[in-house]
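Throughout, read-outs are computed from the coordinates displayed, never taken from laboratory work. Small disclaimer: the values here were computed from a predicted structure and weren't measured. Note that we place each Cβ from the backbone using ideal geometry, even for glycine, and neighbour counts take in every protein chain shown.
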Amino acid sequence: MNIAASTLEIAVIVLGVVIMLADLWIPRDKKNWLGYASIAGLALILLGSLNMSGTPSELAFGNMYVLDSFAIFFKRFFLIAAILVIAASVEFSQKFQTGKGEYYCLMLFALSGMMFAASANHFALLFVSLELITITFYILTSFLRNQMVSLEAGVKYLILGALSSAFLVYGIALVYGTTGAMHFDALKTATASMTDNKLLLVGLLMVIAGLGFKVAAFPFQIWAPDVYQGSPSSTTAFLAVGSKAAGFALLMRLLFMAVPDIALQWEKLLMVIAGITILYGNLCALPQRNLKRLLGYSSIANAGYLMMGIAAMSQSGSSAILYYLYGYMFTVIAAFMIIILVMKHTGAEEITHLAKLHERAPGLAGVMTLAMVSLAGIPPMAGFFGKFLLFKAVLEQAAVFSSYYALLGVAIIGVVISLYYYFGVIRTLYWGKQQMVPEEIHVSPLSRVTLWVCSIFMIYLGILPERLMQAAVSAAESLKF
Amino acid sequence: MSILTFILVLPLIGAGIVALLPKSAKGGIRAVALATTGLSMICAILAFLTFNGAAEGDGGYKFYQKVAWVTALDINYQVGADGINIGLILMGAIVSFAAVCVSASIQERIKEFHFLMLIMIGGILGAFMSIDIFFFYFFHELALVPTFLMIGVWGRGEDKNYATYKMTLYLTLGALVALAGLVLLYVQSGAKTFDLITLTSQLRDNPLHPGTQTAVFGFLLFGFGILVSLWPFHTWAPLGYGAAPTATAMLHAGVLKKFGIYGLIRIALPLAPQGAQAWLEVLAWLCMGNILYCGWVAMRQKNLNLLIGNSSVAHMGFVFLGIASMNLIGLSGAVLVMVAHGFLAALSFGLSGYLYDQKKTLEIDQYGGALKQMPFIGTLLVMAMMAGCGLPGFANFAGEVTVLFGAWTSLPWFVVGTAWGALIIGSLCIAGGPQHPARSFGRLGIKPEGSRQLLGETALCSFDRLTAFVRDLPEPVDQQDSTLHDPGGGIHRKGFG
């Protein structure tokens, strides 16, 4: 036993429990302090994580849990995401009639699940951490109990999430049945000689299907738009960033560390998934009028771009995914923060509500523009450098296997399509027609800081990618290609 | 620090200052924009004048500077100038200053307009001086979002939205295809660097496999081609320029559009010469499309902006022909046409913007008698049109004739075709442009010109001087002899003649 390796997760869980208990004594009108306390606690934990390097990697809990630079990279990612999302939740929680305290501690528990997922080195931990994430999200998505859309979102997420868990467990059972191994290192040796075992392949496909639900990749993306639209905006932000990143962390670890020999056979399959996901997300986003739904489809498209990095099956593909996720996090959280601030009182989040935002709140319009430009992948924003790295990884493989050119072509078409709807949002901000009486916008200091942090990092990661690039490269090195 | 860095950074610093100024400080915003672009222009002129005497840095580039940026991928901030781009940098800086000058007519959201314009200028100038292919792309794309917003917010015309989207989507598609070509070059060269100098020497010693070269050149040709409105991907250009505010049209049509051709000359030809051979005939046919078809389309235009837009697409055909000639004379001509057309397009769009402000119309037949009421502007317009039809004495003539000379040896039949095209464009400029303003009876009353416009006018006036002055340019351009590295003798070899 090496409990010290999982200090970060333990700290997050302790923080969650403290928040849950403190909730009992804090008066109703001071519940925001729970949010501030969570942010402060997470910031301390993040500072603590800066001490860890993950090299050499540590194992704990009977080798189920691994702490390498890849895991550390993702843990920091999740901690930053959670801090920003909780800052957004403090703003959003004015909408909750009850249960503000629970909301924060559920977020913290979901966070601990994501952090465990980053370290999963065994099918049991993979499953348990995913369930920890998913089950907390069942509650978080339906937190606006008096609103039908929120409940509908919760139910949809519950049913499809349960289905995906069933796939996952069945797949794990088949893999265990054929190989007799649950541990990723053991699987690697066991599967090397069984690459054409049909039952094993079916089992692995089911596992990938289960993970595909989490990242919203085709053909398991159906839930995403409805759930994104119906959930509380702060939950959606966490779902879009944290849950997706956890899915990719697990996918990368599973494919490249547990079953690398089989993964190599599946490059075509992964390419097809990536290509269809990109086209599906972008094409479906075109006619959307609801901003959250649009971001839901855009998150599917982004899952597709990230799948390109998986399909590239290379070190540079993996480091591109890691870089891309950081840019995506700041961008998406900034966009949801704007949604929370501008559409606080209206029930629906139509894009037209943003019309002429430029005149009412030029700063917010500026941040939203930056976010859309970054999502569209245009310099000098973070999204551009991420896409650039992904394109580069795919082209490197194209030299060996020319089908990758087709994937690149699909990605280029996807980006051009996506420009239409992202720039549509910008158009609405600056010269759209105002259709209703605009609501008053009040930006609290915490939200202001969050927006500043997101915008600065969106630009910083686009202009000076050096440091994060180094971190991403060294994290991807622990995947051992 | 290289003087080029100053040229590039000054407008960006200006953008930063403008962003910090309050909205109400209109005079301050104008002053900052004028000062930074003015200084940047002075630096560019200095660089141009001292170019011949400057010391050579890495790879034969003058005013060379290199700063490491992303070590993992060997991306560096690298600027430098040689005979190919020094004229473009000069042209870019001058047109930028002029664009700021004519923006006095912008009345609303002055701060945002100037902020976006300065960012766009920084991007444009950066693209022409970068000798790192990542930054080359990066700076070009920096100008995309400002273009979109400027046309959308300050543009004119009813189909403004359509034009904005069309232009943005086309430009993005072109840029992405070109990016694929650039990254492919990076991947295939095996040099593991985006540094153009290392890439060039690496590929000169170990040329790529011909098939790969064909793929790379194909990506670059169509990617850059879309950016330069190569036929049949040209439809965004007249529409977009017609809807754009004056300054944006000047910057985009005058300077930014040359980026694609510059990319072909700087990157595609030297690094994939055999690929260029493979695509030569296709390129020659497409540029005939530009010259003949677009010239023909331009002839039918009744709107001044659409006329200029279409004829500028036709002019690009000459540049492509110069590239297709694949010899030094043709390429020198192409570079000269680029610079000359930059001034010409900026002047034409500046004038049309001025006329629009005065008369609130762009219909050519409404301009009757303008020469009498606005002798100065009318004369400039006549001169611009004359330059456009390639009258000897203007730089366009020198460039286009050089292109035709260059192309004659390798593509004689195309030269015959294009000469007819030139005739068409010429006739169109004579018929469409000066004829109406020169008529003695006016149909619209013209307000007296406000003093606000004086600055813009002076800037426009200086263009005509420059269009004539640029005739002197071929001298530095000839120095590309030493800088156009020539793996396998591909460039000097005559085409398939």
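Here are some notes:
- Prolate/oblate/rounded label for the stretch A:32-147 (Cα gyration tensor, a/c 1.5): oblate
- FRET efficiency for the pair A:Asn63 and A:Phe401, taken as 1/(1 + (r/R0)^6) with r the Cβ-Cβ distance and R0 = 35 Å, rounds to 0.50.
- Cα-centred dipole magnitude for the protein assembly as shown, charges only on beta-carbon of K, R (+1) and D, E (-1), debye, nearest 20: 1960 debye
- Structure-based [θ]222 nm, the protein assembly as shown - -39500 (n - 2.57) summed over DSSP H runs of at least 4, per residue, nearest 500: -23000 deg cm²/dmol
- For the stretch B:222-360, the alpha carbon convex hull comes to 85 Å³ per residue, rounded to a whole number.
- Evaluated at q = 0.08, 0.10, 0.13 Å⁻¹: base-10 log I(q)/I(0), Debye formula over Cα of chain A: -0.43, -0.69, -1.21
- Net charge of Cβ neighbours under 14 Å - reference B:Ala237; Lys, Arg +1; Asp, Glu -1: +3
- Centroid-to-centroid separation of the stretch B:192-228 and the stretch B:74-89 [C-alpha atoms, Å]: 17 Å
- Averaging over all projection directions, the Cα-based convex hull of the stretch A:230-350 occupies 7.4 nm² in the image plane.
- Dipole orientation for the stretch A:187-271: of the candidates A:Ser243, A:Ala209, A:Pro225, A:Ser243 has the Cα lying most toward the positive pole (charges on Cβ; Lys, Arg +1; Asp, Glu -1).
- Taking 0.36 nm per residue of sequence separation and removing the Cα-Cα distance, the A:Leu269/A:Asn197 pair yields an extension gain of 24.2 nm.
- Taken about its Cα centre, the stretch A:270-481 carries a charge dipole of roughly 200 debye when the Cβ of each Lys and Arg holds +1 and the Cβ of each Asp and Glu holds -1.
- Entry for the stretch A:248-303 at q = 0.15, 0.19, 0.23 Å⁻¹: log10 I(q)/I(0) = -0.54, -0.71, -0.84, Debye formula applied to identical alpha-carbon scatterers, no solvent contribution.
- Radius, Kirkwood style, for the stretch A:270-481 when every pair of distinct Cα atoms is counted (Å): 17.6 Å
- Exposed GluC sites (Glu not before Pro) absent - longest run of chain A, DSSP non-H/G/I/E/B, at most 15 other C-beta within 10 Å: A:1-438
- Sum of side-chain charges, A:Leu200 neighbourhood, beta-carbon under 14 Å (Lys, Arg +1; Asp, Glu -1): 0
- For the residue pairs B:Lys66/B:Lys192; A:Lys387/B:Lys258; B:Lys160/B:Lys359; A:Lys31/A:Lys344; A:Lys156/A:Lys244; A:Lys75/A:Lys100, the C-alpha atoms sit more than 22 angstrom apart in A:Lys387/B:Lys258; A:Lys75/A:Lys100.
- Relative pair counts by distance (%), Cα atoms of the protein assembly as shown, 20 Å bins: 14, 43, 31, 11, 1
- Separation between Cα centres of the stretch A:43-86 and the stretch A:378-432, rounded to whole Å: 30 Å
- Where trypsin sites (Lys or Arg not before Pro) fall in DSSP loop in the stretch A:235-341, at most 14 other Cβ within 10 Å: A:Arg289
- Taking the centroid of alpha carbons for each part, the stretch A:263-337 and the stretch B:329-343 are 43 Å apart.
- Orientation-averaged projected area, Cα convex hull of the stretch A:312-368 (nm²): 5.2 nm²
- The stretch B:129-183 - Debye-derived log10 I(q)/I(0), Cα point model, q = 0.14, 0.17 Å⁻¹: -0.44, -0.59
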